[in-house]
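Quick notes on the structure that follows.
The values are calculated or read from the model by the stated rules, or taken from the named source; none is laboratory data. Just so we're clear, the structure is a prediction, and the values are computed from it rather than from any experiment. Note that we place each Cβ from the backbone using ideal geometry, even for glycine, and neighbour counts take in every protein chain shown.
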Amino acid sequence: MHRLRTPIRRKLLFATLTPLSAAILLSWMIGATLITDRIFKQAQQKVVSDLNSARKVYWGEIEHLSSTVKIAGLSSDLSEALHSGMFNGHKAMLRKLLQSEQLSFINIIDSKGIVRYRAANPLAAGDSLAKDPLVAKALLGTAVGGSQIYDHQRLALENPELASTVSMAIKATPRSRSTTRRSEDRGLLLVAAAPLLAADGSVTGVLQAGQLLNGDNRVVDTITSIVYERDERGSATIFLGDVRIATSVRDSGGERATGSLMSSEVATVVLENNKLWSDRAFVLNDWYFSAYEPILDPVGSTIGALYVGMPERPFLTMRTNINLIFGGVLAFVALIGIALSGWISNKLARPVRALAKGARRMAAGERIERIVVDTRDEIGLLADEFNTMAHEVSTLNSTLEQKVEIRTAQLEEKNLELLATQKELAKSERLAGLGLLAAGVAHEINNPLAIIRGNTELLQDELPEGAEELEEVEAIMQEIGRIERIVNNLRVFSRSGNKRISRFSLGKALDSILDQVGHQIPLETYRIAREYWGKDLEIEGDPDQIRQVLTNLIINGLQAMEGGGILTLDISRHAEDDKVSITIADSGPGISAEHLEKLFTPFFSTKAKGTGLGLAVSYGIISDHGGEILVSSQEGDGALFTVVLPLHQSAKTSDCGNANPASKTRSNEAI
């Protein structure tokens, strides 16, 4: 009873796919993590850079306001009006400045800090602003600007309209600090103050102006348009405390999220600890790449914050897409790996199955064929040892059979003669090779052929001119010449001939061959493309033998193009070694795959009168010179023969044995 066995192919497949799958999964995890971390880190770095740009825009607004107040304060008329207490001539100018610059208030303050005139509230005057830090610095002769918080009463004093518009309802916001406030009635303003100078340069008072930021989105819109592209969906916000008073962040209804609150963790770091925040944060209803910076009043107290950020969701979508793409690529690679592993495991298992089958047939006493394994590994070694064992077993069986036959032959004399004949025939078949056959045939035919030629020449000399028998004798001489050529080809094929090495020009040899071929084959219907002109090369070899090979290939190419065509010849030197290639290409019908396999087999020919030795002899000559012949052809697309020869002949070249050309012919491969 046979135990259930796991096929080796399945084991090999499992052994290959397990580390491959682990490597692919690990690569996926590491690659996706590194890529997404890099993207998120760059996004957060960009937000920090955007905060720097937003700070410049914010302080640019303060500087612009300071410059406006400073320029307006340079007028000596205002100093004189302040001295006289008569502002009627300047009211129109101040109101115009208030409207053109879209300011919330403009005040004229005397040298003691008493407000003498309010352009936005002319009826309110006489209160002291001497303790205002900006006014105090301006009274010292310095134009200053900054951010300040005014309470509801101060706003009503500066401009009654501000008191009615500044109030902002506080909206419940996820992740914000708990609060009992229902509205924010204070105002965050950009305030600037510049000294008013008398003719002698002394400070006579201060010109003060302010711009309320509550509900004024001009600054945040400017920041958003400068810092972010439209598709980046970035936003900016100005906070009064933890309340958004001006923002480009939109709520779920698409409205500006004014009145919503800062998240509690950000408020703790920015508002309480007076530190910069640069990290992801929950903004209104989603996670953002965020950067917050405290807004300080003139005395250094944190009164609010400036924010810029980008939503995290597009980057999460990008990460998902990257993971999908990365996973798809790795899955594709995995499929290729699976297919390749299956193919390799099947290839490795095939000879094992063949060995198992051979062992079963051997056990059954059957005759088995040699198991061919091309791999150079342990399986190949096992197959060689198995073949050796099978040969030994076969030899042993044959020896036993021979002994039985010998014992039987001793009893039967007539059968002994038949057995001896069979043994001699078997011995001859085992020892006979194609090269030995060719050499033997050439030697055996050449001797009687010489006698036939001599007698035929005598007969030719004895016949008078014009004799009727002379034509038959000449036909015999032609056939003798044909037999001699066949014998010579057999000798060359069996490598019984000797080479006469000399140095000669390939270009001149080709030119000479083409000139001579023209006497055998009319070339009017052919176009000969001599691509080798201008790049002639000299090599060492037997000129006559090389000419024989090239002549054979050229004639074959011309004969293949019935009715005409293009024959292209070229020479090139190999850059990597001392070898040269001669290519002969025709535009004929090409060679079929069936014939291509037999192309260099002796006695194989597709011509009606061909001997089938031309290409076989050519192969023998080129091999004897240490070269090779390559052939590439597709049926209907012509043929390309490439003769590769070394530039120099070594001593070993003439000693190399003649391999069987029929066993080495492959399309597009070395023969």
(message) Of all residues being free of Cβ contacts under 8 Å to residues at least 60 places away in the same chain, within 19 Å of S164 (Cβ to Cβ) and in contact with a strand residue (DSSP E or B) (Cβ under 7 Å, 6 or more places away or on another chain) in the range 104-129, which is surrounded by the most Cβ atoms within 10 Å (Cβ to Cβ)? Just the residue, please.
(response) A119
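Looking at T6, T18, T36, which is the one that is in contact with a Lys or Arg (Cβ under 7 Å, 6 or more places away or on another chain) and modelled with pLDDT under 85?
The conditions single out T36.
For the range 218-226, check the following and say yes or no: at least one residue is over 54 Å from the mean Cα position of the chain (by Cα) and either surrounded by 24 or more Cβ atoms within 10 Å (Cβ to Cβ) or modelled with pLDDT of 95 or more (or both). Break it down into steps so the answer makes sense when it comes.
First, pick out the residues of the range 218-226 that are over 54 Å from the mean Cα position of the chain (by Cα): none.
No, the range 218-226 contains no residue that is over 54 Å from the mean Cα position of the chain (by Cα) and either surrounded by 24 or more Cβ atoms within 10 Å (Cβ to Cβ) or modelled with pLDDT of 95 or more (or both).
If you scan the range 130-177, which residues turn out to be of a type in the set (S, T, Y) and in contact (Cβ under 8 Å) with a residue 24 or more places away in the chain?
Hits for the range 130-177 are T142, S147, Y150, T165, T173, S176.
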(request) Scan the helices (runs of 4 or more DSSP H) fully inside the range 114-184 and keep the ones with 2 or more residues being within 30 Å of D200 (Cα to Cα). (result) 133-139
(request) Only one of these is at pLDDT below 90 and of a type outside the set (G, A, S): L129, L97. Name it. (result) L97
(request) Give A199, A236 a once-over and let me know the one that is within 21 Å of I109 (Cβ to Cβ), of a type in the set (A, V, I, L, M) and touching a residue at least 60 places away in the same chain (Cβ under 8 Å). (result) A199
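Taking the range 527-553 on its own, how many of its residues are in a strand (DSSP E or B) and buried (at least 19 other Cβ atoms within 10 Å of the Cβ)?
Step one: list which residues in the range 527-553 are in a strand (DSSP E or B), which gives 527-530, 538-541.
Within this subset, residues satisfying the condition of being buried (at least 19 other Cβ atoms within 10 Å of the Cβ) are 539, 541.
Adding up the residues that qualify gives 2.
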(message) Of everything in the range 558-581, what is part of a loop (DSSP other than H, G, I, E, B) and surrounded by fewer than 17 Cβ atoms within 10 Å (Cβ to Cβ)? Give them in sequence order.
(response) E562, G563, G564, H574, A575, E576, D577, D578
(request) Please state which one of G205, G254 is without any contact (Cβ under 8 Å) to a residue 12 or more places away in the chain and either of a type outside the set (D, E) or on the phi > 0 side of the Ramachandran plot (or both). (result) G254
(request) Restricting attention to the range 146-185, report how many residues are polar (S, T, N, Q) and over 19 Å from T268 (Cα atoms). (result) 8
(request) Would you mind finding the one in A81, A72, A54, A43 that is within 28 Å of T247 (Cα to Cα), assigned to a helix (DSSP H, G or I) and assigned by TED's automatic domain parsing to the domain that holds V227? (result) A54
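Out of I325, I338, I need the residue that is more than 21 Å from L212 (Cβ to Cβ), within 33 Å of the chain's Cα centre (by Cα) and in contact (Cβ under 8 Å) with a residue 40 or more places away in the chain. Which one?
Details: I325 fails: in contact (Cβ under 8 Å) with a residue 40 or more places away in the chain.
Going through I325, I338 in turn, the sole match is I338.
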(request) Pick out the one residue from S248, S290 that is of a type in the set (S, T, Y), surrounded by 16 or more Cβ atoms within 10 Å (Cβ to Cβ) and touching a residue at least 60 places away in the same chain (Cβ under 8 Å). (result) S290
(request) Could you identify the single residue in S128, S84, S79 that is in contact with a Lys or Arg (Cβ under 8 Å, 6 or more places away or on another chain), small (G, A, S) and more than 28 Å from V219 (Cα to Cα)? (result) S128
(request) Would you check if there is a residue in the range 312-334 being within 30 Å of R177 (Cα to Cα) and touching a strand residue (DSSP E or B) at 6+ places or on another chain (Cβ under 7 Å)? (result) yes
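Looking at the range 80-91, can you tell me whether even one residue there is out of contact with any Gly (no Cβ under 9 Å at 6 or more places or on another chain) and under 27 Å from I238 (Cβ atoms)? Before you say what the answer is, go through the steps one by one.
Of the range 80-91, the ones out of contact with any Gly (no Cβ under 9 Å at 6 or more places or on another chain) are 80, 84-91.
Filter once more, keeping what is under 27 Å from I238 (Cβ atoms): none.
Within the range 80-91 (the criterion being out of contact with any Gly (no Cβ under 9 Å at 6 or more places or on another chain) and under 27 Å from I238 (Cβ atoms)), the answer is no, since none of the residues qualifies.
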